[in-house]
Amino acid sequence: MQNASIDGLQTYEKYLKPRFPRELMHLYMQKITEYAAHNMGRNHYRYVADMLKKLRSYPDGNRTVDQLLAEFKIKYKARRAMMEELNGV
């Protein structure tokens, strides 16, 4: 699963989340971080925000998402559209 895309993770999420929620969330966080680093534009930022909202439903999801948001707000502070989209998370 390490090489899976975000879409691949979503495909099997209903099977994996009940058995491996922490591991799946960790994979999602890795993929979202990579996705945010390599994609620019409001639609991509909205996708990242939607994925982060989804991850809040995982165990310790709120804490983990808040940590990632803090990182993104420092790392991508020049991406104004991204900051606007992440404010809704």
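Taken together, the values in this text are just the output of simple stated rules run on the coordinates, not laboratory data. Please read these numbers as outputs of a predicted model, since none were measured by experiment. Please note: Cβ atoms are built from the backbone with ideal geometry, for glycine as well, and neighbour counts cover all protein chains shown.
Here is a yes/no grid of residues against (1) within 17 Å of residue 67 (Cβ to Cβ); (2) within 14 Å of the chain's Cα centre (by Cα):
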site: 7; (1), (2): no, yes
site: 16; (1), (2): no, no
site: 19; (1), (2): no, no
site: 31; (1), (2): yes, yes
site: 34; (1), (2): yes, yes
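Among the residues of segment 4-21, the one identified as charged (D, E, K, R), free of Cβ contacts under 8 Å to residues at least 40 places away in the same chain and surrounded by 13 or more Cβ atoms within 10 Å (Cβ to Cβ) is 13. Scanning segment 7-59 for residues that are small (Gly, Ala, Ser) and at negative phi yields 8, 36, 37, 49, 57.
Working only within segment 22-40, note down all residues that are of a type in the set (A, V, I, L, M, F, W, C) and touching a residue at least 12 places away in the same chain (Cβ under 8 Å). Once the filter is applied, which keeps residues that are of a type in the set (A, V, I, L, M, F, W, C) and touching a residue at least 12 places away in the same chain (Cβ under 8 Å), segment 22-40 yields 24, 25, 27, 29, 32, 36, 40.
Sort out which residues of segment 41-76 are outside any helix (DSSP H, G or I) and in contact (Cβ under 8 Å) with a residue 40 or more places away in the chain, and write them in order of number. The answer is 41, 58, 76.
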